[in-house]
1. Assign unit charges at the C-beta atoms only (+1 for Lys and Arg, -1 for Asp and Glu), then state the dipole size of the chain relative to its Cα centre in Debye, rounded to the nearest 20.
2. Given K74/K450; K577/K725; K67/K320; K443/K657, which pairs have Cα atoms separated by over 19 Å?
3. Over what distance in Å are the Cα centres of the range 200-248 and the range 718-794 separated?
4. Along the Cα→Cβ direction, 7 angstrom out, place labels at S268 and N617. What is the inter-label distance in nm?
5. Go through the range 54-63 residue by residue and turn each phi into a ³J(HN,Hα) via Karplus (6.51, -1.76, 1.60, θ = phi - 60°); whole Hz please, and just put x for glycine and proline.
6. Give me the percent of the accessible area of the range 731-819 that comes from carbon and sulfur atoms, probe 1.4 Å, all protein chains in place.
7. Please work out how much length the chain gains when fully extended from D345 to L208, using 0.36 nm per residue of separation minus the C-alpha to C-alpha distance, in nm with one decimal.
8. Name the residue farthest towards the positive end of the dipole of the range 204-333 from the options N317, N281, S228, assuming +1 on Cβ of Lys and Arg, -1 on Cβ of Asp and Glu, about the Cα centre.
Amino acid sequence: MEKKAANKYNDPSYFRGQVETYLTNILHTDLKNATPANMYQAIAQLINRELGEMRLAYNDKRKSVQKSTDKTKKVYYICMEFLMGQSLKNNLYNLGQQAMAEDLLREIHMDPQVLYDQEPDAGLGNGGLGRLAACFMDALTTQGYDATGYSLCYEYGLFRQKIVDGWQVEFPDNWLPGGRVWLNPREEDTFEVNFYGDYHEYWENGQLKYTLTDPQTVEAVPYDLFISGSGTTAVNKLRLWSARSSGSFDMNAFNSGDFTKAAQRTNSAEMITKVLYPADNIPEGKELRLKQQYLMVSASCQNIVRDQLHLYGTLDNFHKKTAIHINDTHPALVVPELMRIFMDDYGMGWEKAWEIVSNTVSYTNHTVLAEALEKWNSSLVQSMMPRIYGILQEIDRRFRIQAFSRFPGDSGKVDYMAVLQDREVRMANLSVIGSHKVNGVSKLHSQILKDDVFHDFYLATPEKFTNVTNGIAYRRWLCQANPELASLLDDCIGSAYRLDSSQLKLFAAYRSDVGVQEEVEKIKRNNKVRLSNFIGQQWGSAPDPDSIFIVQAKRLHEYKRQLLNVLRIISRYQAIKADPNIDMRPETYIFGAKAAPSYYHAKFIIQLINKLADEINSDPAVSDKLRVVFLENYSVSIAEKLMPATEVSEQISLAGKEASGTGNMKMMINGGITIGTLDGANVEIREAVGPDNIFIFGMTADEVRDCLHRGYDSSKIYSSDPVLKAAVDSLDRGFGGVSFSNIKEYLLKPTYSIADPYMCLMDFKDYCRAHDELAAAYEDRQRWNSMSIENIAYADRFSADRSIRNYADMIWDTRPVLPNPSMK
Ligand code: 26V
């Protein structure tokens, strides 16, 4: 009762009145005439205002809790990417105002979905890493942790993908016009960040001093995005820095009439946050990217230190009240930057500063691919941030002394672990050395970090290493994306699961309940119809909802092996051509994938998928049995339509390469059945559902290592398997009029590295075997539906809420400042 009165926004007539006022005063229209775009704008600004008021009230609460106990900390989650997607529906859901808003829309005959679709995705990330950060903000807030996310306010998010003649073409993603409503500018919290300049070190009274003259100063202007939680009055924020020139113009140039030159300074500063780098898991060692990293890091660290001093007036308890998490190595410069601030701005000595910094910072690794481990050219770092480089040299020097005493005489090992080596700055080593905890994102991945990637560090400091398996914001990916399934769960197990994911397990009791099985099947079919209609509207040809929907949606990368999927589809195509009367259920293969623009080989695979789709879909002899769909511009909002409609979840990376995967969890919780390798979180999915509710195939990570060790020869496998050989050979003639001999060569000839480096051919036969078993299981509708039910139920452990509690307990050592009253 008190709660209701406390929030006027819950009152439908107040809500409606505020929307009407905005429509008339700002947009000069009214409820009768408002377009969906008008309504989106009006409701979104209202919700943003509501969140702002909640934030104000929460600020007092969280600060007083922080000051009154030593058991809570402020968590800062720093990440170059937050792939937020749309916000309106999520915020309405979290605030419990979705029904009220949708009632108002229905009254004016507006389809809520049409309204939600007005909102552009905030595509400020590439894929798994950035989406994880977004899911974590939801879990942090819902559970009442005091947390702030820091990132960059890219003017352009991840490129929009168009497919032209099968080939990926990139277009700018100008998200701000529609997305700006959620961004709250905070001019007054602007910080200055220095780049370049003349740097000189000198000794004075036995102390090393320095001068830095004539740096290029850039302003970092913050834009705050409020993060709502479900069933709570807590509101956290994601602070996005936007770069701006500190002096408006180069006045000398301006006065002498050189206007272009005068504007250059402004332009080059503003370039820093112009666009998100569209590469994930492939090297992109560009100067501008390093500038992005340092801008984000320096502004965030200055802000964090100022917050701390405002609240406590001292830095002495910094690591007791502050946890700074670096999400992958991109923010690793927080280590030297905090050292710089503590020493240069607050006169702290090295030892004390190091003690505080290394006990504050923790680091998550998200990839084991050697080529994706970040390294920066030393001279680039030295010229762009000379003081930071000076500090890196000292970190490196002290680390080497320590490492030598741990591994006496083994200079090879020490060089390998060092920060500065071979004229490069190694960000992963810096992150491990500067952190008190390091974690991987699934059990297998964390083990590989200990055994392999960071083995020597593990030997030296085993207590640093731990695991936190990824999780997803299931209120978005299940409750909002699949409302029919969510309400079936409400009916069966009660609605408590919506805040306490462990309750989801109760649904397993319904595995043999024929009525529930049929409901699950019906809901899946409804979702397939919706997806099929969407595909039809967007690209002209709707797949048959009675075919089985087999989905592989993720970034395009060799290690994820979309090519393995394609080779099998080709063999299916050939089998149907050879036997037009073959008895089979129609199959629809759905792909969603963006390739890094510079990743040529990946783009060829996209073209292969699209050309194969053209040929199969237009061949009347097969098109009623086989269909291939490529979802152009795969994004968070397309994923929200795709996950609920997925029946088969393809998670087929080469074992040992996929750190975790999170799409696998989203499909699972929507009742999709996994066909996959024992890689990343698939291992734990199998543990959760048991071997009968998943289709596992292929080599294990250990077998992959052994096989490579013995010497892998793909051509032997090719020659000994006629089905595989025919599929590979068909690449020469190609599809849709385009030859893909280059891909055949990649599979068979050791041109750049070994042939078929991700071993598609090796796992092909077992992959086909697993698919055959899956097809048989699908025909037994009861069995399939009960598998589906168990997958939904046992997805409970892949909740981001659980991941965040693991981080809080094992890594940050903190507790909620405002425990969610509805959570246990
Ligand atoms: C690395 C690099 C290297 C330099 C150039 C740009 C760049 C950008 C990103 C990365 C690391 C990306 C790592 C990543 O996205 N990993 C994914 O993280 C997911 C969340 O933990 C996980 O589920 C996926 O398995 C993993 O591939």
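1. Working: 92 positive and 105 negative charges, 192 e Å.
In debye, rounded to 20, the chain gives about 920.
2. K74/K450
3. First find each Cα centre; the distance between them is then 49 Å.
4. Each label point is offset 7 Å from its Cα along the Cβ direction, giving 4.7 nm.
5. Computed from phi, the couplings for the range 54-63 are 5, 4, 4, 5, 5, 3, 4, 4, 5, 5 Hz.
6. That share works out to 52 percent.
7. On the way: separation 137, 0.36 × 137 = 49.32 nm, distance 1.47 nm.
The D345-L208 span can extend by a further 47.8 nm.
8. Value computed over the given set: S228.
The values are calculated or read from the model by the stated rules, or taken from the named source; none is laboratory data. Everything quoted here is computed from the prediction, not taken from an experiment. Neighbour counts run over all protein chains shown; Cβ positions are idealised from the backbone, glycine included. Heads up: the accessible areas ignore ligands, DNA and RNA and are worked out on the full protein's heavy atoms, side chains in. Shrake-Rupley method; radii C 1.70, N 1.55, O 1.52, S 1.80 Å.
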